[in-house]
Amino acid sequence: MLRKMAAIFMVGLLLPVIAANAMAASADDARQFVDGVGKRVLDIVNGGAGKAEKQAQLQQMFAENVDIPWMGQFVLGHAWRQATPEQRDHYLQAYKQYLLARYTTNFADYTGAKYTITDVKSEEEGQFTVNMQIKAPNQSQDTLAGYRLLVGENGQFKIIDIIIEGVSLITTQRSEFASVFQQKSMDGLISAIEAKTKAESSRK
């Protein structure tokens, strides 16, 4: 009972901070954040570093600007509560490695690419979605991408979802992971994610 009351008390202390950060952030701030990340990504992709160094730089950027723990817990859904602390740690590490491999392996496809931010939408409190069109020389059509942002307790933006052509990454993964979890349990899901990581890494 005392522990529950203490938790409620801490939430009560944090809510004003979170609300203040959300009010301080604006759609223009969200646009500038995504634009800054986008420019840095293209600078790396079009730079003169070797392939391995470029990927390492992109992975560092991804880890710094994406709230991987938040995404990982959301994607796992109800299974998070059923997992042991050790399974949670193992899962989050596997999920992080998968995302890093999935979104930084084929960066060469976007050499010479350009993007245009089309609009910014304010979602629920402290969240924004920044939409853009990406034009790559080797693609016949522009790619429509959206980045959902969350304002953290420190007032900094973090990406919590990537939406490609209207399809949400975390919504798709949540459904996929739930199916695997039902069939193979938590350890089986972790093994499946690790296999996905190996498959993505082999595409280098």
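The values are calculated or read from the model by the stated rules, or taken from the named source; none is laboratory data. Keep in mind the model is a prediction, meaning the values are calculated, not measured. Because the Cβ atoms are built from the backbone with ideal geometry, glycine has one as well, and the counts that use them run over all protein chains shown. Accessible surface is based on the protein model in full, side chains and every heavy atom, while ligands, DNA and RNA are left aside. Shrake-Rupley method; radii C 1.70, N 1.55, O 1.52, S 1.80 Å.
Return only the number of the condition from (1) without any contact (Cβ under 8 Å) to a residue 24 or more places away in the chain; (2) at negative phi that GLU165 does not satisfy.
Here GLU165 meets the rest and fails (2).
Being within 18 Å of the chain's Cα centre (by Cα), open to solvent by 40 Å² or more (accessible area, probe 1.4 Å) and of a type outside the set (Val, Ile, Thr) is the filter here, so list the residues in the stretch 36-60 that pass it.
LYS39, ARG40, ALA56, GLN57, GLN59, GLN60, listed by residue number.
For GLN183, indicate whether it is open to solvent by 70 Å² or more (accessible area, probe 1.4 Å) and over 26 Å from PHE107 (Cα atoms). Give the derivation first.
Details: open to solvent by 70 Å² or more (accessible area, probe 1.4 Å): yes; over 26 Å from PHE107 (Cα atoms): yes.
Taking the combined requirement at face value, the residue satisfies it.
Scan the stretch 66-79 residue by residue and report those that are open to solvent by 40 Å² or more (accessible area, probe 1.4 Å) and either part of a helix (DSSP H, G or I) or among the hydroxyl-bearing types (Ser, Thr, Tyr) (or both).
Within the stretch 66-79, PRO69, TRP70, GLN73, PHE74 meet the criteria.
From (1) surrounded by fewer than 14 Cβ atoms within 10 Å (Cβ to Cβ); (2) part of a loop (DSSP other than H, G, I, E, B), pick out the condition that doesn't hold for GLY155.
If we test GLY155 against (1) surrounded by fewer than 14 Cβ atoms within 10 Å (Cβ to Cβ); (2) part of a loop (DSSP other than H, G, I, E, B), just (1) comes out false.
Consider ASP161 against the criteria (1) open to solvent by less than 50 Å² (accessible area, probe 1.4 Å); (2) more than 22 Å from GLY77 (Cβ to Cβ); (3) acidic (Asp, Glu): it satisfies all of them except one. Which criterion is unmet?
(2)
Among ALA101, ALA63, which is in contact with an Asp or Glu (Cβ under 6 Å, 6 or more places away or on another chain) and either in a helix (DSSP H, G or I) or surrounded by fewer than 19 Cβ atoms within 10 Å (Cβ to Cβ) (or both)?
Working: ALA63 fails: in contact with an Asp or Glu (Cβ under 6 Å, 6 or more places away or on another chain).
Within the list ALA101, ALA63, the selection yields ALA101.
Across the stretch 104-138, what is the total count of residues that are open to solvent by less than 70 Å² (accessible area, probe 1.4 Å), touching a strand residue (DSSP E or B) at 6+ places or on another chain (Cβ under 9 Å), in contact (Cβ under 8 Å) with a residue 40 or more places away in the chain and not in a strand (DSSP E or B)?
The total comes to 2.
State the number of residues belonging to the stretch 84-96 that are open to solvent by 80 Å² or more (accessible area, probe 1.4 Å) and in contact (Cβ under 8 Å) with a residue 24 or more places away in the chain.
Residues of the stretch 84-96 open to solvent by 80 Å² or more (accessible area, probe 1.4 Å): 85-86, 89-90, 93.
Imposing the further condition that a residue be in contact (Cβ under 8 Å) with a residue 24 or more places away in the chain reduces the set to 90.
Selection size over the stretch 84-96: 1.
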